[in-house]
Amino acid sequence: MSHISTHIPPVSLIKRLLTIVYDLLLLLAVLFIVGTVIAAAATMLLNDGHAITEEHEIYTIYQIIVLISLLLSSFVFFGWFWTHGGQTLGMKTWRVKLLTCDGSPVTWKIAAIRFMTALVSWLVFGLGFIWSLVDKQKRTWHDLASHTVLLQMDKS
């Protein structure tokens, strides 16, 4: 952390997890809407309004389209908040802010690196998050990869 003030404390793992839970509730609503739109469009366009089941030849393609749509929607959800003020709604609630280590604004490129690395952090049983318990500055793998930091803001 070169230009970030050292008097602002980094966020603990517990606080990170609390913000994630809050944001997941909001994200689930977004994903429900996106999934419903994708399912409706796919059934109308690809299968004459009938459900696409495992017996259909397009089932695997349909599943890939749904997965990619949900991942992209998740990235846009987090990326928009990170690039527009550095706080998701959960982060605002818990007074947590995302900043780059040099104090520059979070770009979409930085958001993409952070998002993809956070996915990897989860896929390896949360080890990327647990890393914050051994890092002196409480950084996770996605903090390190994206050169960002989560800071605990005061009440003012």
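The values are calculated or read from the model by the stated rules, or taken from the named source; none is laboratory data. Since we're looking at a predicted model, the values are computed, not measured. Cβ sites come from the backbone with ideal geometry, for glycine too, and all protein chains shown count toward neighbours. We work out accessible area using only protein heavy atoms, side chains counted, and drop any ligands, DNA or RNA first. Shrake-Rupley method; radii C 1.70, N 1.55, O 1.52, S 1.80 Å.
Which condition number in (1) within 17 Å of ILE20 (Cα to Cα); (2) touching a Ser or Thr at 6+ places or on another chain (Cβ under 8 Å) is the one that GLY86 fails?
Every listed condition holds for GLY86 apart from (2).
Of LYS109, LYS155, which residue is farther than 17 Å from LEU17 by Cβ, in a helix (DSSP H, G or I) and of a type in the set (Lys, Arg)?
Numbers: LYS155 fails: in a helix (DSSP H, G or I).
Every option except LYS109 fails the conditions.
Could you say whether any residue in segment 104-123 is open to solvent by 20 Å² or more (accessible area, probe 1.4 Å) and within 16 Å of LEU13 (Cα to Cα)?
yes
Yes or no: ILE20 of a type in the set (A, V, I, L, M), in contact (Cβ under 8 Å) with a residue 24 or more places away in the chain and assigned to a loop (DSSP other than H, G, I, E, B)?
Numbers: of a type in the set (A, V, I, L, M): yes; in contact (Cβ under 8 Å) with a residue 24 or more places away in the chain: yes; assigned to a loop (DSSP other than H, G, I, E, B): no.
No; evaluated as a whole, the condition is false for this residue.
Tell me which residues, restricted to segment 106-146, are of a type outside the set (D, E, K, R) and touching a Lys or Arg at 6+ places or on another chain (Cβ under 9 Å).
VAL106, PHE129, TRP131, SER132, THR140, HIS142, ALA145, SER146
Kindly provide the set of residues from segment 25-62 that are open to solvent by 80 Å² or more (accessible area, probe 1.4 Å) and either closer than 25 Å to LEU123 by Cα or among the hydrophobic types (A, V, I, L, M, F, W, C) (or both), ordered by number.
First, the residues of segment 25-62 that are open to solvent by 80 Å² or more (accessible area, probe 1.4 Å): 25, 28, 32-33, 37, 44-46, 48, 50, 54-55, 57, 60-61.
Matches in segment 25-62: LEU25, LEU28, PHE32, ILE33, VAL37, MET44, LEU45, LEU46, THR60, ILE61.
May I ask you to list pairs of residues, at least six apart or on different chains, whose Cβ atoms are under 8 Å apart, with the first in segment 99-119 being within 19 Å of GLN152 (Cβ to Cβ) and the second being of a type in the set (A, V, I, L, M) and open to solvent by 30 Å² or more (accessible area, probe 1.4 Å)?
What qualifies is THR100/ILE110; CYS101/MET1; VAL106/LEU99; ARG114/ALA145.
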